[in-house]
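Student: Please find one structure pasted underneath; my questions will follow.
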Amino acid sequence: MRRPRLHELFAVVLVAVVRPAVCREQQNNGTAAVVTDEERRSPKATAVIVFGDSIVDPGNNNNLHTQIKANHPPYGRDFDGHVATGRFSNGLVPSDLVAQKLHVKKLVAPWLNVDHTSEDLLTGVSFASGATGYDPLTPKIVGVITLEQQLEYFDEYRSKLVAIAGEEEAERIIDGAFFFVCAGSDDVANTYFTTPFRMLEYDIPSYVDLLLVGVDKFLRGVSTRGAKLVGFVGLPPIGCVPSQRTVGGGLHRRCEPKRNYAAQLYNSRVQELINGLDAEPGFNTRVVYLGIYDIIQELAEDGGRWGFTETTRGCCGTGLIEVTNLCDSRFMAVCEDVSKHVFFDSFHPTQRAYKIIVDNMWDTYGNLLQP
């Protein structure tokens, strides 16, 4: 009996792999066009351009005169090469995962502290700075980059893009880019509830109004710079973050209701603001609100559904309060199995939790997030 030749075996395997995928496409009312593997892998945006705080800061704070840094172990323990790049997690952060979802690239580089390749610039960078916010006071307290300065860095970036690719191509890249914005948690958790500077002057609703002034100014600023599509991340249940349970949740460290109320009020009001901008004549940017409150609350209160066994403490140190310079391998022990923790330090989720959050974001809003 003749043995099948190698090319025949390959053909059989190829049919076995491809045919189910084709059938799945054809089952959709029997009329759907077949989506090829190449089309699935093709970029869904020209670039990913990021603004915000520590949730999406890949290392812009590294050389600032601030305590808000993550360029030391145990941060980065599960990153390629176990490098503490400045990302506030054990591995990837949401901006990296979003870039992967859009098939643009694996990692989004910081604007500062990196020798960029042309490819870095052509496919977008992050201007985010840990501990910044929409309240002008928030970045001043800790000496980090304001959102206004992040927009100025974008102007510098655009000039470099023009120098590399020319004006026409730079405009095409920015037109087709996905702008990802994530900030506001530090305003509520730190500036309002931790320092005395705002609470004495504002109640929660009026402080939310102050933040909305900053949001409106920022979104108009990014729109005038050519953004066509912005993914705007809402606030999480801040009162369920480990550090906020510790300082506000009493002896049993329950989720602190006032912080969660502030986050919920902000989320409601910012959606109204976004709807108003989208309906405004002359505002040429589509802003998509990305809610993360519910999925993070589920992780914090019922993380066992995903196999998490620790949902109220970070992996670093005691897990109660350690973050940034207090989370340091030279002085603090680290949990043995980070995959069981929702939070890596007392404020920032683990890479595994971030993947669940971004997957949920894509399941909920993914059809709206392609330029």
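The values are calculated or read from the model by the stated rules, or taken from the named source; none is laboratory data. This is a predicted model, so every value here is computed, not measured. Backbone-built Cβ (ideal geometry, glycine too); neighbour counts: all protein chains shown.
Student: Give me a count of the residues in the range 314-350 that are within 21 Å of Pro236 (Cα to Cα) and surrounded by fewer than 21 Cβ atoms within 10 Å (Cβ to Cβ).
Tutor: 4
Student: Here's another thing I want to ask about it. Return the total of residues in the range 236-252 being part of a loop (DSSP other than H, G, I, E, B) and either among the charged types (D, E, K, R) or within 16 Å of Ala353 (Cβ to Cβ) (or both).
Tutor: Here the count works out to 3.
Student: Now for a different question. Considering the range 128-150 alone, what residues qualify as being closer than 14 Å to Val93 by Cβ and either modelled with pLDDT under 95 or in contact with a Phe, Trp or Tyr (Cβ under 8 Å, 6 or more places away or on another chain) (or both)?
Tutor: Selection gives Ala128, Gly130.
Student: What are the residue pairs meeting all of these: first residue in the range 193-210, first residue without any contact (Cβ under 8 Å) to a residue 40 or more places away in the chain and within 20 Å of Ser268 (Cα to Cα), second residue surrounded by 14 or more Cβ atoms within 10 Å (Cβ to Cβ) and of a type outside the set (S, T, N, Q), Cβ atoms under 7 Å, and 6 or more apart or on different chains?
Tutor: Tyr202/Leu210
Student: Scan the range 178-202 for residues that are assigned to a helix (DSSP H, G or I) and either among the hydroxyl-bearing types (Ser, Thr, Tyr) or in contact with a His (Cβ under 9 Å, 6 or more places away or on another chain) (or both) and report the count.
Tutor: Of the residues in the range 178-202, 3 are assigned to a helix (DSSP H, G or I) and either among the hydroxyl-bearing types (Ser, Thr, Tyr) or in contact with a His (Cβ under 9 Å, 6 or more places away or on another chain) (or both).
Student: Mind listing whichever residues of the range 351-371 are surrounded by 15 or more Cβ atoms within 10 Å (Cβ to Cβ) and assigned to a loop (DSSP other than H, G, I, E, B)?
Tutor: Leu369, Pro371
Student: Test of understanding: among Ala227, Ala165, Ala177, which residue is surrounded by 15 or more Cβ atoms within 10 Å (Cβ to Cβ), more than 21 Å from the chain's Cα centre (by Cα) and farther than 22 Å from Tyr293 by Cβ? Steps first, please.
Tutor: Numbers: Ala227 fails: more than 21 Å from the chain's Cα centre (by Cα); Ala177 fails: more than 21 Å from the chain's Cα centre (by Cα).
So the residue among Ala227, Ala165, Ala177 that is surrounded by 15 or more Cβ atoms within 10 Å (Cβ to Cβ), more than 21 Å from the chain's Cα centre (by Cα) and farther than 22 Å from Tyr293 by Cβ is Ala165.
Student: When you look at Asp294, is it within 16 Å of Ile238 (Cα to Cα) and either without any contact (Cβ under 8 Å) to a residue 12 or more places away in the chain or surrounded by fewer than 16 Cβ atoms within 10 Å (Cβ to Cβ) (or both), yes or no? Spell out the reasoning first.
Tutor: Working: within 16 Å of Ile238 (Cα to Cα): yes; either without any contact (Cβ under 8 Å) to a residue 12 or more places away in the chain or surrounded by fewer than 16 Cβ atoms within 10 Å (Cβ to Cβ) (or both): yes.
The answer is yes for Asp294.
Student: Between Val114, Val104, Val34, which is surrounded by fewer than 24 Cβ atoms within 10 Å (Cβ to Cβ), at pLDDT below 95, within 30 Å of Arg220 (Cβ to Cβ) and hydrophobic (A, V, I, L, M, F, W, C)?
Tutor: From the options Val114, Val104, Val34, the qualifying one is Val114.
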